[in-house]
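Accompanying notes for the structure given below.
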Amino acid sequence: MSATLAVILGAAAKVGAPLIKAIVGKHVGPLAGSLAGDVVEQIASRAGIQPEALPDANPALVEEAVREVEHAAPELIALYQAGLTGQFALLQAEQAGGFWESAWRWGWMYLLAFLWSCAFLIFPLLRASGFAVDPIDSATLMTLTGWFISLYMGGHTVKEIGKQAVEAVKTWKQPK
C-alpha cells in the first residue's frame, strides 16, 4: 500500500492538494477504517479503478481524482469527525451507566469465548486424554452466539450474516 500512498502524495504535491497531502502523508498503519483509507478509496473510485491499481494508473487520471477529492475533503473530515464523536459519546454513556449496565457485553464475550474454546479445543483434548466429557451442542452454541450478536451489534448484523450464509450455501450447491 505504500506505493499507492506514494502515488497519491506525488499527485497531491503536483496539483496543490494540501488536505490530501496532510491526511495521507501522516498516515501510519493499516488503511482500513481510517480517514486516509477513505481518501484512498475516494480517489480510486473517482479514477474508476481499484485502490491497488493506483500505482499503475495514468498519472493524469490520478491527479484529476486527487483534485476532486481535495474539494470534497472537508466533508470527508467532517463525516469522520462525526463518527468519532458518536463513538466517544457512546463510550461515555456506557461508562455513566455503571458497571452492571455494560458488564453484560464483556461477560457474554468471555462466556462465548470460553464455550467455543471448550467445544473445539479443551473438551476434545480431554476426551483424547481419556476423560468422559460430553461435547457441547454446536446448534446451541450457534444460537447463543446469534443472540449475542443480535443484541450487541443489532439485528441488521444478524440479517447480513444470514444473507451471506445463504449466498455461501447457494454457491456450494451450484453444479460445477
So how many residues does the range 31-63 have that are surrounded by fewer than 19 Cβ atoms within 10 Å (Cβ to Cβ) and without any contact (Cβ under 8 Å) to a residue 40 or more places away in the chain?
-> 16
Scan of the range 82-112 for residues that are of a type in the set (S, T, N, Q) and in contact with a helix residue (DSSP H, G or I) (Cβ under 9 Å, 6 or more places away or on another chain), ordered by number | Q95, S102
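Return yes or no: is E75 loosely packed, with under 11 Cβ neighbours inside 10 Å and closer than 30 Å to K14 by Cα?
It is true that E75 is loosely packed, with under 11 Cβ neighbours inside 10 Å and closer than 30 Å to K14 by Cα.
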Quick one: count up the residues across the range 93-106 that are surrounded by 10 or more Cβ atoms within 10 Å (Cβ to Cβ) and farther than 21 Å from S150 by Cβ.
-> 1
Give the residue, chosen from Q164, Q81, that is surrounded by fewer than 11 Cβ atoms within 10 Å (Cβ to Cβ) and either outside the structural domain of G16 (by TED's automatic domain parsing) or within 30 Å of I8 (Cα to Cα) (or both).
-> Q164
Complete set of residues in the range 110-153 that are at pLDDT 90 or above, of a type in the set (G, A, S) and surrounded by 13 or more Cβ atoms within 10 Å (Cβ to Cβ) = A119
Filtered residue count, the range 112-145, keeping only those that are free of Cβ contacts under 8 Å to residues at least 12 places away in the same chain and either over 24 Å from E94 (Cβ atoms) or touching a Leu at 6+ places or on another chain (Cβ under 8 Å) (or both) | 20
Scan (1) in the same structural domain as G146 (by TED's automatic domain parsing); (2) within 13 Å of I43 (Cβ to Cβ) for the single condition M109 breaks and write down its number.
-> (2)
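The values are calculated or read from the model by the stated rules, or taken from the named source; none is laboratory data. Bear in mind the structure is a predicted one, so any value in this text is a computation, not a measurement. For neighbour counting, all protein chains shown are included, and Cβ atoms are generated from backbone atoms with ideal geometry for every residue, glycine included.
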